[in-house]
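This report refers to the structure that appears directly beneath it.
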Amino acid sequence: MAQLAIFGGEPIRSKPFARWPQFDEREKSALMEVLESGVWGGYNSQVAEFEQVFATFHETKYGVTAANGTVTLETALLAAGIRAGDEVIVPPISFIATATAVLRVGAVPVFADIDEATYNLDPTRIRAAITERTRAIIPVHFAGQPADLDAIIEIAERHDLIVIEDCAHAHGATWRGRRVGSFGTFGSFSFQASKNMTAGEGGILTTNDRTLAERARSICNQGRRSGGAWYEHVRLGTNFRLSGWQAAVLLVQLARLSEQLATRSANARFLTEQLAQCEIVTPPYVDERVTGHSYYLYPLRLNRERFPDLTKEHFVRALAAEGIPVAEGYPQPLYAQHVFALYEQRRGDCPAAERMCEEVCWVSHEIMLAQPGDLRDFVAAVAKVRDGVTELTRRAAV
Ligand SMILES: *Cc1c(COP(=O)(O)O)cnc(C)c1O
């Protein structure tokens, strides 16, 4: 049996995987065009062009860009009239912005547990969390897999709730053949550096509601109204505008997205097939109603029934030594963060989320852009760690 690289053996792989972000001449010439236009800010025509193209791609009428995918959530909440004392249901498995955006507008985040298999909000737990103060739900399409939009939209209609889809992981993903961001009142996307489309920073809201789109745009643009005078400010707004540079880069990134989604899906099929019998980790479960998973992350769940002493940390370190980068994933559910301490959520409230934080690590999307055959090393390294797992857990214990 080959010695694990973490204990001095030969690593499986020495070649690095793809880096992120990716760009070519198209981004360079797009940036030069903005440079020479002299219009560098949010009024560059490429901003409006990108908004339209992105909204259309996500099967919605309106796109409102903003500085990032955190303020898009805040803006959506404000535009929808969420205010102090309102409750907003959020998952405990997400980036912190999903829940802090709720606090930032003075409302109360209420955490509902995730589904054990998909890591997305569990509709049963959403129903149980609804009170007379509930006004909205923010489902996150975790890892790029759409949440159960059938159930969420049904619950929202029944209880007259706003739905803001947090699509920060899910550019281009589809549920029953339709793009995410088109099901809720708003879709919110991020173009932060790690995301599947990026301009370093940036965000956009998608919606079919003209009034809400106008209100969101006004909030992001100092309370101006479309067609209004420069110094006419009809509401409390701020400056959340995206720049021309970002829009120009994002137009190119969007043109590349479909091909990248296809590559990631093909690699995910390969990994899921190859890892099915590996014993040490379980590949992600994909709901059959998901017609397009964007694989921002490819989650792997440690088989702790079989290997109770194996931790994420040791598994990830052993793979890293083999030349395979895997991220440890979220260390704890969001409600364990200090900022939510007032909100009475306690350890044990969301057992599926807590288990997930113990057991699930993930592969990030740039690795899912590997060339055909390039992930064989990945599979070989997982098999090697599985073969060496007894020594790994024994030596980790001392
Ligand atoms: C990245 C992310 C955000 C925040 O986006 P920024 O552009 O970094 O502000 C919000 N929600 C989720 C789920 C994210 O992953």
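The values are calculated or read from the model by the stated rules, or taken from the named source; none is laboratory data. Quick caveat, the model's predicted, so the values are computed rather than measured. Using ideal geometry, Cβ is built from the backbone for each residue, glycine included, and neighbour counts are taken over all protein chains shown.
Ile6 - would you say it is β-branched (Val, Ile, Thr) and out of contact with any Gly (no Cβ under 8 Å at 6 or more places or on another chain)? Here the answer is yes, as Ile6 does meet what is asked. Of Thr100, Thr72, Thr124, all but one fail to be of a type in the set (Val, Ile, Thr), closer than 18 Å to Ala170 by Cβ and modelled with pLDDT of 95 or more; the exception is Thr72. The single condition among (1) under 22 Å from the mean Cα position of the chain (by Cα); (2) more than 13 Å from the ligand (Cβ to nearest atom); (3) acidic (Asp, Glu) that Glu33 does not satisfy is (1).
Applying the set (1) modelled with pLDDT of 95 or more; (2) part of a loop (DSSP other than H, G, I, E, B); (3) over 30 Å from Val47 (Cα atoms) to Gln277 leaves exactly one unmet item: (1). In region 97-125, the residue that is nearest to the ligand (Cβ to nearest atom) out of those that are small (Gly, Ala, Ser) and in a helix (DSSP H, G or I) is Ala97. Taking region 157-182 as the range and being under 20 Å from Ala213 (Cα atoms) and surrounded by 24 or more Cβ atoms within 10 Å (Cβ to Cβ) as the test, the residues that pass are Ile164, Glu165, Asp166, Cys167, Ala168, His171, Val180, Gly181. Being surrounded by fewer than 19 Cβ atoms within 10 Å (Cβ to Cβ), within 20 Å of the chain's Cα centre (by Cα) and modelled with pLDDT of 95 or more is a property that does not hold for Ala336.
Farther than 20 Å from Ile130 by Cα, touching a residue at least 12 places away in the same chain (Cβ under 8 Å), among the hydrophobic types (A, V, I, L, M, F, W, C) and in contact with a helix residue (DSSP H, G or I) (Cβ under 7 Å, 6 or more places away or on another chain) - does that describe any residue in region 82-91? So far as region 82-91 goes, no, none of its residues is farther than 20 Å from Ile130 by Cα, touching a residue at least 12 places away in the same chain (Cβ under 8 Å), among the hydrophobic types (A, V, I, L, M, F, W, C) and in contact with a helix residue (DSSP H, G or I) (Cβ under 7 Å, 6 or more places away or on another chain).
Is one or more of the residues making up region 59-72 under 19 Å from Leu212 (Cα atoms), within 16 Å of the ligand (Cβ to nearest atom) and either assigned to a helix (DSSP H, G or I) or free of Cβ contacts under 8 Å to residues at least 12 places away in the same chain (or both)? Yes, region 59-72 has at least one match.
Yes/no matrix, rows are residues, columns are (1) within 16 Å of the ligand (Cβ to nearest atom); (2) under 23 Å from the mean Cα position of the chain (by Cα); (3) closer than 30 Å to Asp24 by Cβ:
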| site | (1), (2), (3) |
| --- | --- |
| Asn196 | yes, yes, yes |
| Gly203 | yes, yes, yes |
| Thr211 | no, no, no |
| Gln222 | no, no, no |
| His233 | no, no, no |
| Leu242 | yes, yes, yes |
| Ala255 | no, yes, yes |
| Thr263 | no, yes, yes |
| Phe270 | no, yes, yes |
